[in-house]
1. What's the whole-number percent of alpha carbon pairs in the range A:27-100 lying beyond 13 angstrom?
2. Average projected area of the Cα convex hull of the range A:262-322, in nm²?
3. How far, in nm, would the chain grow between residue B:186 and residue B:2 when pulled straight, counting 0.36 nm per residue and subtracting the alpha carbon separation?
4. If the elastic network links every pair of Cα atoms under 10 Å, which of A:182, A:251, A:236 fluctuates the most in the Gaussian network model of chain A?
5. Once R0 is set to 41 Å, what does the formula 1/(1 + (r/R0)^6) return for the Cβ-Cβ distance between residue A:323 and residue A:78, expressed as a FRET efficiency to the nearest 0.05?
6. Whole number please: convex hull volume per residue, Cα atoms of the range A:217-281, in Å³.
7. Most mobile of B:226, B:194, B:253 per a Gaussian network model of chain B (Cα springs, under 10 Å)?
8. For the protein assembly as shown, what does -39500 (n - 2.57) per DSSP helix run (n ≥ 4), summed and divided by total residues, give at 222 nm, in deg cm²/dmol to the nearest 500?
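Every read-out reported here was derived from the displayed coordinates using simple, explicitly stated rules and does not represent laboratory data. Keep in mind it's a predicted model, so treat the numbers as computed, not measured. A quick note on method: Cβ atoms are made from the backbone with ideal geometry, for glycine too, and the neighbour counts reach across all protein chains shown.
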């Protein structure tokens, strides 16, 4: 019951935060530009066409009315129509969502599976060669521009060595669609050849996306474990003669991971923001590529749709992380 | 002055902070002395089609680009843009974020809550996403990139300053100064600000690295200053169609971004260790 109350308490903050995000995007799209309708209409439109469009879109009404209308439409899932594909933006985004989720989840899983153990080892063997090497890797991982890392990986592995494809998500026809995730669909239909090409296509973009997240995770896990190592309960467990692996991998990790769980929420932000440029580099047919090509085509509605979508997802994930945090840490439940 | 000297000496003892300082010094030197250091200073605007895509060698240390311009010389002039974007964007974020944090921290009530809620909304969305939306609306140009980055970065300062100011209010010396009848202005300027300067400086250094990285991404996406500006992110985007042959064209600006951001990150970490022993204990072991 306490948990339910807590979840509800967080939910109360969710609505004003999303509403605030909508105010920000509304201001960016309708208030900042000198004439938002002219932007939508494009450079070739005549003044008469612009005026007609202004009435059609309802941009001649007072701003508060426009905002209420904007929110009402979004609640119904209407983000407007893309100026380029001429389809509802929600449809465009939904169509591309599985590709982005597949890429992001793989990058997240890789960074968690590699980053957390490395962080623990780095803390346990403090000042060892491994610790110093990992420090160089994490400092570099946070300083590298992900779009450049992606291009360098393409240059080395795709162009020079020819080990991986240059870009795209698949070669040949996609597997029979069950979940929309090619890796899962190919495995479910036992289509091993497709699975293999899906995985080789994933390798470079997932690695590019995982690097900054991995660096963050190693850093925080190391700091968390070092902090816990000094604590009284670990001293007590050692005095009790508990086996070291049990102390390290069960009790210490559990305690150290509470801060890491919060980090995973932030990590998701890194991944989402990184996906925009990473997808653009690898022509990955997800929402990041959609956002970037919309920028290049001045498809102004689609860019705003993407911003609202990405912002909302990020806020939802942080909400879930908050709740997960209380589940992992018994102290929070008291 | 002696405080700054003390900090510098402590930084110089920390090897990675020293490396950060050296990298930043090199960047500043490159920007200031670009016309002197450049081997082909006119190549920022001049075209030499006959010399396009030459490999690195005697005359062109880092090769030439698609216009036949010297990559090394353009890189130096690009450092000016990078510093300009970083300094103005972080400076503007400081000018907005610090007062907002101070006001929200000093006064208690609905207005403070509102200020912090507004900054939470900005923090709730990845910076790149909002900056893309703003830069796209305003059109690609240098001032617009700086504006987009400032509008999205100030909440970080507001949050740090707010938390520190609220923490200080529990301190006895602040409470007694207020009890003696010091005005909010005097209290803030003479007692609060000097005591929260360290976390602000640390955040500013890390913010420089972060802002420069985001600016490069915006440039790469075509939202930065238009050509022929030698902005590093845009240069990388331009170089892509000439891979894998003209590898130097894509490699050089990426390395420049990498070293610059690393410089500010290392300096930020080092400053945190020197200026704020409390934070040091939280992130690393005491004997580390």
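1. Above the 13 Å cut-off, the range A:27-100 has 73 percent of its Cα pairs.
2. Its Cα hull, projected and averaged over all orientations, spans 4.0 nm².
3. 63.8 nm
4. In the Gaussian network model the winner is A:236.
5. It comes out at approximately 0.90.
6. 78
7. Answer for the Gaussian network model of chain B: B:194.
8. -24000 deg cm²/dmol
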